[in-house]
Every structure is written in C-alpha cells, then in structure tokens.
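Participant: Got a structure for you, written out below as structure tokens; questions coming shortly.
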Amino acid sequence: METPLPKRNEKQTHWQAREQSHELLRRNVVETASRLLVEEGPEALTVRHIAQELECSTKIIYTMFHGKEGLAEALYLEGCERLGHFIGRVPRQSTPEVYIHEAAQAYWAFALANPSYYKVMFCGAIPNFHPSTVSILNMETAFEIVVANLQAYKEQGLIQADDPVFVTKTFWAPLHGVASLYLLGHFSDTEIAKEILERSIQALIVSLIPGTLLTS
C-alpha cells in the first residue's frame with residue numbers, strides 16, 4: 001500500500017516556485033553584468049550581450065531591468081546590500097576605538113572582495129550613470145548600524161560627537177579615498193595601501209576620542 005503524499009497548497013507552492021525562479025534569474029543577470037564589467041568594460045553591459053551569456057531572451061531582461069540604466073541601478077543596489085552585510089557583521093565593541101577600527105577594516109574588506117560593485121558605486125565605472133534617490137538612500141542605510149553605535153558611544157560619553165551621522169560621513173570619507181585610490185591603481189601594492197588605511201583610521205580615532213595616541 002502506497003503512503004499518501006502530505007497535502008499542500010498547490011497555488012502557494014506554484015507562487016513560491018515562480019518567485020524563487022525570478023529571484024535566481026535576477027541575481028544571475030546582476031552577477032553576469034558584474035563579471036562582464038570587469039572582463040570587457042562598460043561597453044559590454046548591453047541587454048543583448050547579457051542575454052547571450054545567460055542563454056535567455058532579451059525580453060525577460062528588459063522586463064526585469066528596463067535596459068542598461070536599470071542594470072546599472074541593480075549593480076549599485078547589490079553593492080549597497082553587500083556593503084551593509086560586511087559592516088553589519090561587525091559587533092559593537094566595549095570601546096569606540098576598537099569598533100571604529102573593526103568597521104573600517106570591514107569597509108576595506110568589502111572593497112577588495114567586490115571591486116566591480118565598488119567601482120560602480122563610487123568610481124564612475126559606468127559612464128553617465130547616476131544612481132537614483134532611492135539608491136542613494138540605500139547607501140545611507142548600509143551605514144545605519146555605524147550611526148547607531150556611534151550614538152550609543154556618545155551617550156556613554158566615550159566620543160565627542162554632536163551628530164553621529166556627520167561623524168559617520170567623516171569616518172567614511174578617508175576610507176573611501178584609500179579604497180578608491182587602491183582599486184584605481186594609484187598605490188604600488190596592497191601593503192602600502194593597508195599602511196595608509198591604518199594611519200587614516202588612527203587619525204580619525206584621535207580626532208574623535210581625546211587622549212588616544214596615534215600608533216604607527
């Protein structure tokens with residue numbers, strides 16, 4: 001005697017399958033666009049080329065992204081999500097010095113692990129692409145955890161900061177400078193870039209936390 005299969009909601013299962021398939025294709029398109037950007041440059045970011053790489057119809061990609069501008073926007077948003085993931089994994093530390101250092105290292109790790117996304121977000125890798133207001137807000141969301149932690153340190157009297165959002169942007173600016181210069185080839189090797197990064201982090205910590213000594 002056969003054991004009957006458990007009952008299930010066929011409509012819900014079908015919907016879930018369609019959603020999973022749609023999301024998988026969307027991610028494949030974004031990852032393919034990222035790879036082509038690295039291998040062939042921004043001129044490779046055409047719907048036709050990506051469709052050929054994935055062996056799917058151009059219509060599907062147009063429906064999802066509405067052309068090259070939508071693809072660029074998707075790359076930007078994917079970068080925001082990845083950046084938020086890297087920074088979000090840094091736990092709040094007992095002292096702001098340690099937290100700022102660890103968060104800065106997470107930003108650096110993100111840049112090195114995701115150079116194509118980083119260049120789309122910050123280095124003008126796609127000519128004439130300007131992220132939407134929504135995308136820029138997503139970028140700010142990636143740093144919300146830093147703002148929240150700095151606010152907590154401020155309330156404890158551990159840092160001098162009138163506006164944690166402003167301080168977060170002050171924190172971001174030198175990190176962005178070092179990462180961008182490195183990815184664009186302006187440092188001779190990674191070790192030099194790391195040393196410059198470390199000095200930038202230490203200088204930032206000194207400016208925020210009175211009495212901190214700048215280490216070499």
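Participant: Among the residues of the range 82-111, which ones are closer than 19 Å to T32 by Cα and in contact (Cβ under 8 Å) with a residue 60 or more places away in the chain?
Facilitator: A111, the sole residue that qualifies.
Participant: Could you look through the range 187-211, keep only residues that are surrounded by fewer than 15 Cβ atoms within 10 Å (Cβ to Cβ) and outside any helix (DSSP H, G or I), and pick out the one that is modelled with the lowest pLDDT?
Facilitator: Restricting to residues being surrounded by fewer than 15 Cβ atoms within 10 Å (Cβ to Cβ) and outside any helix (DSSP H, G or I), the top hit is G211.
Participant: Looking at the range 43-63 only, could you name the residues that are touching a helix residue (DSSP H, G or I) at 6+ places or on another chain (Cβ under 6 Å), closer than 26 Å to F122 by Cβ and in a helix (DSSP H, G or I)?
Facilitator: A44, V47, I50, E53, I61
Participant: Restricting attention to the range 1-42, which residues are outside any helix (DSSP H, G or I) and at pLDDT 70 or above?
Facilitator: G41
Quick grid of which residues meet (1) modelled with pLDDT of 90 or more; (2) closer than 24 Å to Q156 by Cα; (3) out of contact with any Ser or Thr (no Cβ under 8 Å at 6 or more places or on another chain); (4) part of a helix (DSSP H, G or I):
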| site | (1), (2), (3), (4) |
| --- | --- |
| C80 | yes, no, no, yes |
| I100 | yes, yes, yes, yes |
| W108 | yes, no, yes, yes |
| V134 | no, no, yes, yes |
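Participant: Does R92 count as assigned to a helix (DSSP H, G or I), assigned by TED's automatic domain parsing to the domain that holds I209 and among the basic types (K, R)? Before you say what the answer is, go through the steps one by one.
Facilitator: Values: assigned to a helix (DSSP H, G or I): no; assigned by TED's automatic domain parsing to the domain that holds I209: yes; among the basic types (K, R): yes.
Answer is no for this residue.
Participant: Follow-up question, since we're still on this one. Can you find a residue in the range 45-66 that is closer than 30 Å to E102 by Cα and in contact (Cβ under 8 Å) with a residue 40 or more places away in the chain? Outline the logic, then answer.
Facilitator: The first filter runs over the range 45-66 and keeps only residues closer than 30 Å to E102 by Cα, leaving none.
No; the residues of the range 45-66 include none that is closer than 30 Å to E102 by Cα and in contact (Cβ under 8 Å) with a residue 40 or more places away in the chain.
Participant: Mind listing whichever residues of the range 36-72 are more than 19 Å from S116 (Cα to Cα), of a type in the set (S, T, Y) and surrounded by 12 or more Cβ atoms within 10 Å (Cβ to Cβ)?
Facilitator: T58, Y62
Participant: Within the range 145-162, does at least one residue satisfy the condition of being outside any helix (DSSP H, G or I), of a type in the set (G, A, S), over 30 Å from E40 (Cβ atoms) and in contact with a helix residue (DSSP H, G or I) (Cβ under 9 Å, 6 or more places away or on another chain)? Break it down into steps so the answer makes sense when it comes.
Facilitator: Of the residues in the range 145-162, the ones outside any helix (DSSP H, G or I) are 156-162.
Those still in the list that are of a type in the set (G, A, S) too: 157, 161.
Still in the running and over 30 Å from E40 (Cβ atoms): 157, 161.
Still in the list and also in contact with a helix residue (DSSP H, G or I) (Cβ under 9 Å, 6 or more places away or on another chain): 161.
Yes, the range 145-162 has at least one match.
The values are calculated or read from the model by the stated rules, or taken from the named source; none is laboratory data. Quantities reported herein were computed from a predicted structural model and do not represent experimental measurements. Here Cβ is always computed from backbone atoms with ideal geometry, including for glycine, and neighbour counts include all displayed protein chains.
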